[in-house]
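This report concerns only the one structure given below.
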Amino acid sequence: MRVVVSIWLIVGCLLSLPAMADHINWTGCGISKKAYIHAAAKAFEEKRGIKVNVSGGGATKGIRAVASGASDVGGSCRLWLYEVDGRRHRDEANTEFVHVAWDAIVPIANKRNTVTNISMDNLKKVFAGEITNWQDLGGEDRRIGLVTRSGKTSGVGYMFRKLALGDVNADYKAKGLEVKSTGPLEKRVVQFNTAFAVDGISSAKKVDVELMAIDGIIPTKENISSGKYPLYRPLFLTLKKSNSNPIAREFVDFILSDEGQAIISNQGTVNLKEGEKLVSLWQERGFTL
């Protein structure tokens with residue numbers, strides 16, 4: 001009788017233990033997804049036998065899906081938002097931002113376009129609607145087909161406004177086509193000769209577009225990691241501050257490990273060691289990590 005009772009106690013204890021997760025969910029910006037997440041998720045699954053389900057939707061969706069518990073890990077290519085009173089935005093307050101890599105905002109054009117360089121001043125004028133023709137940038141007499149991300153809180157939209165325009169609430173006065181995510185933006189630039197946009201270099205370099213220089217500085221990995229190219233920005237993973245999935249945190253730790261950082265670098269993105277000089281430069285500009 002005692003043996004039977006003991007067996008049932010053991011069974012009961014086993015049933016009360018949480019089931020080992022066989023997957024986690026990652027949601028976030030298309031830049032991070034294309035830059036390194038797909039490769040890192042594959043390596044993590046091979047190493048741990050745990051699948052990482054990857055879905056896009058943008059930086060804001062990634063941050064807030066984690067905050068609400070809808071996703072285990074998020075990916076963001078922008079900083080956190082603030083309320084008007086200076087507190088962290090209520091929909092993002094319960095998230096931990098973990099800096100994992102560096103990216104850069106880069107102007108992109110169709111490969112058939114002859115313009116390969118733009119000054120920072122002219123870049124601002126394009127988005128202000130003051131320059132509307134490629135001829136004013138040294139190209140053909142054709143109207144610039146501007147493509148932009150909708151909204152002001154997307155990773156590219158927010159950080160371009162912050163870094164280039166100096167105002168995260170700035171309106172684009174130029175007329176253009178608005179799209180909801182990075183994929184459609186890049187697709188338009190690939191398809192149309194006169195198209196122009198700004199994008200994240202870690203994603204843009206993987207599609208057939210012209211990566212334009214700014215003031216003669218080409219957005220190479222070396223120029224970004226040294227801070228010579230001006231529009232560098234951090235890439236983050238996000239976790240829920242309270243009750244985060246331990247496997248989710250393990251995945252983030254894997255990204256921060258030597259193996260994970262090597263994956264980031266091999267994908268052509270600036271990892272933390274390569275971009276260590278950028279930390280002080282970023283802070284000198286009054287930004288936080």
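The values are calculated or read from the model by the stated rules, or taken from the named source; none is laboratory data. For clarity, every value in this text was computed on a predicted model and none was experimentally measured. Cβ coordinates were reconstructed from backbone atoms using ideal geometry, including for glycine residues, and neighbour counts include every protein chain displayed.
Among the listed residues V179, V168, V156, identify the single one that is under 23 Å from the mean Cα position of the chain (by Cα) and surrounded by 22 or more Cβ atoms within 10 Å (Cβ to Cβ).
Numbers: V179 fails: surrounded by 22 or more Cβ atoms within 10 Å (Cβ to Cβ); V168 fails: surrounded by 22 or more Cβ atoms within 10 Å (Cβ to Cβ).
On inspection, the qualifying residue turns out to be V156.
Tally time: how many residues in segment 167-187 are among the basic types (K, R), within 30 Å of A39 (Cα to Cα) and in contact with a strand residue (DSSP E or B) (Cβ under 8 Å, 6 or more places away or on another chain)?
Applying the first criterion (among the basic types (K, R)) to segment 167-187 yields 173, 175, 180, 187.
Add one more test, that the residue is within 30 Å of A39 (Cα to Cα), and what stays is 180, 187.
From the residues that got through so far, the ones that are in contact with a strand residue (DSSP E or B) (Cβ under 8 Å, 6 or more places away or on another chain) too are 180.
Of the residues in that region, 1 qualify.
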Query raised in the report: V190 is checked against (1) in contact (Cβ under 8 Å) with a residue 24 or more places away in the chain; (2) closer than 22 Å to K34 by Cα; (3) buried (at least 21 other Cβ atoms within 10 Å of the Cβ); (4) of a type outside the set (K, R) and fails just one. What number does that condition carry?
Result: (3)
Report task. Residues being in contact with an Asp or Glu (Cβ under 9 Å, 6 or more places away or on another chain) and either hydrophobic (A, V, I, L, M, F, W, C) or in the same structural domain as W80 (by TED's automatic domain parsing) (or both): count how many of those fall in segment 160-193. Result -> 4
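Here is a check on your reading of the model: is I214 over 18 Å from the mean Cα position of the chain (by Cα) and among the hydrophobic types (A, V, I, L, M, F, W, C)? Walk me through it before giving the result.
Working: over 18 Å from the mean Cα position of the chain (by Cα): yes; among the hydrophobic types (A, V, I, L, M, F, W, C): yes.
Criteria met by I214.
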Query raised in the report: Do we find that S68 is touching a Phe, Trp or Tyr at 6+ places or on another chain (Cβ under 7 Å), among the polar types (S, T, N, Q) and outside the structural domain of K175 (by TED's automatic domain parsing) in this structure?
Result: no
Report summary line: Flagged in segment 109-139 as within 27 Å of the chain's Cα centre (by Cα) and aliphatic (A, V, I, L, M), in numbering order, are A109, V115, I118, M120, L123, V126, A128
Requested in this report: Pull up segment 95-129, narrow it to residues that are assigned to a loop (DSSP other than H, G, I, E, B) and of a type in the set (D, E, K, R), then point me to the one that is nearest to G139 (Cα to Cα).
Outcome: R112
Report summary line: Pairs returned, first residue in segment 122-136 that is without any contact (Cβ under 8 Å) to a residue 24 or more places away in the chain, second residue that is buried (at least 16 other Cβ atoms within 10 Å of the Cβ) and in a helix (DSSP H, G or I), beta-carbon separation under 8 angstrom, 6 or more apart or interchain, are N122/L137; I131/N122; I131/K125; I131/L137; D136/N122
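When residues of segment 247-282 are filtered for being among the hydroxyl-bearing types (S, T, Y) and farther than 22 Å from E222 by Cβ, how many remain?
Residues of segment 247-282 that are among the hydroxyl-bearing types (S, T, Y), as a first pass: 257, 265, 269, 280.
With the extra rule that they be farther than 22 Å from E222 by Cβ, the set shrinks to 257.
Here the count works out to 1.
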Query raised in the report: Just a yes or no: is a residue in segment 255-267 of a type outside the set (S, T, Y), in contact with a Gly (Cβ under 8 Å, 6 or more places away or on another chain) and under 27 Å from M212 (Cβ atoms)?
Result: no
Report summary line: Cβ pairs under 6 Å, 6+ apart or interchain, first in segment 18-34 and assigned to a strand (DSSP E or B), second of a type in the set (D, E) and modelled with pLDDT of 95 or more, ordered by first then second residue, are I24/D72; N25/D72
Report task. Quickly run through segment 55-80 and pick out the residues that are assigned to a helix (DSSP H, G or I) and in contact (Cβ under 8 Å) with a residue 24 or more places away in the chain. Result -> A59, T60, K61, G62, I63, R64, A65, V66, A67
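Table: residues versus (1) free of Cβ contacts under 8 Å to residues at least 12 places away in the same chain; (2) outside the structural domain of L185 (by TED's automatic domain parsing).
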| residue | (1), (2) |
| --- | --- |
| K205 | no, no |
| E210 | no, no |
| T220 | yes, no |
| K240 | no, yes |
| N245 | no, yes |
| E250 | no, yes |
| I255 | no, yes |
| A262 | yes, yes |
| E276 | yes, yes |
Requested in this report: Please go through segment 56-90 and pick out each residue that is of a type in the set (D, E, K, R) and either surrounded by 13 or more Cβ atoms within 10 Å (Cβ to Cβ) or within 19 Å of D199 (Cα to Cα) (or both).
Outcome: K61, R64, D72, R78, R88
Query raised in the report: Is one or more of the residues making up segment 67-82 touching a Leu at 6+ places or on another chain (Cβ under 6 Å) and modelled with pLDDT under 95?
Result: no
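May I ask you to say which residue of A40, A35 is touching a helix residue (DSSP H, G or I) at 6+ places or on another chain (Cβ under 7 Å) and at pLDDT 95 or above? Before the answer, list the steps.
On the way: A35 fails: at pLDDT 95 or above.
The match here is A40.
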